[in-house]
Amino acid sequence: MKNVGVSRREGISIQRLINFVRSNRRFDEVGALACFIGFVRGYTAAKKKVKRLELEAYTERAERAFQAIADDVRNRPGVVEVLIHHIVGRLGAGDPILFVIVAGASRRDVFPALVETVDRVKREAAVWKKEVLASGKSYWVEYA
């Protein structure tokens with residue numbers, strides 16, 4: 001496993017990601033770990049029922065962007081490790097999409113780093129999202 005990745009659902013779990021962080025040789029510096037898990041919502045902002053999302057990525061480009069983000073955030077004082085894993089494919093309501101973990105010295109270090117990492121993934125990643133509604137209508141949406 002690497003600290004960043006784009007993959008299908010199989011093989012990614014929060015416990016596996018936490019175990020990866022715990023294997024970091026600097027883990028003895030960690031006093032806090034913050035985690036973000038993004039899920040497929042069952043409704044749009046306009047309250048329309050979502051049947052599924054179809055997520056696609058330019059894997060190599062997305063992983064390069066994830067690595068650049070992780071490296072940048074990891075270089076902040078008090079941050080020890082940053083993991084970014086994005087799920088692609090057909091996903092239904094309630095399925096996880098995005099896992100971000102930041103480990104560091106304290107909550108004051110990891111919470112702001114977590115928010116920044118998630119925001120940057122949404123802005124900088126080569127990931128596209130097609131929303132398919134229960135009505136059968138579908139459209140591509142901005143990944144934000």
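Straight Cα distances below 30 angstrom link residue 49 to the lysines 122, 129, 130, 137, with same-chain residues fewer than 8 positions distant left out. Around the amide H of residue 31, modelled in the peptide plane, lie the amide H atoms of 104, 105, 106, all under 5 Å away and 5 or more residues distant in sequence or on another chain.
Against the chain, whose longest principal axis is taken from its Cα atoms, helix 107-124 shows a tilt of about 40°. Each of 44, 117, 59 was scored by other Cβ atoms within 10 Å of its Cβ. Listed from fewest to most, they are 44, 59, 117. The angle between the Cα long axis of helix 59-74 and the longest principal axis of the Cα atoms of the chain comes to about 40 degrees, rounded to the nearest 10. In this label model, residue 71 and residue 130 are separated by 3.3 nm, measuring between points 7 Å along each Cα→Cβ vector.
In order along segment 26-31, phi translates into HN-Hα couplings of 9, 4, 5, 8, 7, x Hz, rounded to whole numbers, per the Karplus curve 6.51 cos²θ - 1.76 cosθ + 1.60 with θ = phi - 60° and x for Gly and Pro.
When you filter the chymotrypsin sites (Phe, Trp or Tyr not before Pro) in segment 2-105 for DSSP loop state and at most 16 other Cβ atoms inside 10 Å of their Cβ, you are left with 58.
Of all beta bridges that DSSP places with both ends in segment 4-136, some 85 percent have antiparallel geometry. One entry in [x] 21.4, 80; [y] 15.8, 52; [z] 15.8, 46 is Rg and Dmax of the Cα atoms in Å calculated from the shown coordinates; its label is [y].
The trypsin sites (Lys or Arg not before Pro) found in segment 94-142 that occupy coil by DSSP, while having at most 10 further C-beta atoms within 10 Å, are 137. With contributions of -39500 (n - 2.57) from each DSSP H run of at least four residues, the per-residue ellipticity at 222 nm computed over the chain stands at -9500 deg cm²/dmol. Full extension of the chain segment joining residue 48 with residue 12 gains 10.1 nm, where the gain is 0.36 nm per residue of separation less the Cα-Cα distance.
A short reminder: the numbers here are calculations on the coordinates, not readings from a lab. This structure is a prediction, so every number in the text was calculated from the model and none was measured. When we count neighbours, we look across all protein chains shown, and the Cβ atoms used for this are built from the backbone with ideal geometry, even at glycine.
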